[in-house]
Each structure stands twice: as C-alpha cells, then as structure tokens.
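What follows is a short report on a single structure.
Coordinate-derived values only; no laboratory data. Note that the structure is predicted; figures quoted are calculated from it, not measured. Heads up, the Cβs are rebuilt from the backbone with ideal geometry, glycines too, and the neighbour counts pull from every protein chain shown.
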Amino acid sequence: MNATVADARLLVKDKEVTFTYRIGDGNGEAAKGFKLPAGTHKLHVTYVPHADNANAFLSGTKTVTLTVAKATLDIRIPAITGYVYGDPLPRVAASELTFGTKVGDNLTNGFVNGDDASIFNPANGGIQPVVAIVPID
C-alpha cells in the first residue's frame, strides 16, 4: 500500500514527518507490503510531526474504508488458421496464450498474487480455456 500527502507544507527538509499505516485500526497489522484480498477493508493512518515541529503541527489519526475490487483475468488465444469445419477443435497450450490482469481499463502483463499458467491445468483443479472459432466473412 502506498499513499501521498496532498499538503507538501507538512514536509520540511531534514524534518520529515512520520505516517504509519495499519490495517483495521491503530493496533492492526502494518500495511506496508500487505496485499489486501478483494472486499471492504479499513485503513488507519497515524501522523506524527517531526519533534522540532511539534508546536506547529498536531499529531492526528484517520481511519478510512476502502474497497478492493477483484481483478479480471483477460486471456487471449492466438489466431487459429487452417481449421476446416467439422475438424476437432484445435488444442491450445497454455504457453501459447497471452494473458493479463484487467483492473478497470488497465491491463497488466501476467498473473498476480503468485498465480501462474498452472491454473489452466485440470490436474490442479483448473479449467482449460475455451476456444471460440469465428468464421471469416
């Protein structure tokens, strides 16, 4: 998780402030590097000014609710050539696929959260991608 400060006046050279992010409340797990699963979560932040600025800026906390949407896996199958109507459907190996994780309008390369092409292997509980053949006009 990453955040930015909208008011740059809070950062004074050599007297930087401290922001501490936690999952849930002020006693929750540290948010740095934490991957939230899909769903609704609370994020808590504590602000502490540099000791030299303690009289100018007050410490503070804030808890916000955020929603993490599930990513959509976008799979692209290469063009199939030489297929004759009535032939068995061609087999497509997972290595021939291009795929990415789609969040909103953004498409990343590859899988996320440790997934790999083995999700397509029925032996791993996966499902083979379906090949759809569209006739050329």
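Numerical summary
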| quantity | calculated |
| --- | --- |
| Sorted by Cβ neighbour density within 10 Å, fewest at the top, the residues Thr101, Thr72, Thr81 | Thr81, Thr72, Thr101 |
| Largest-first principal axis extents of the Cα set of the stretch 8-68 (Å) | 40, 19, 18 |
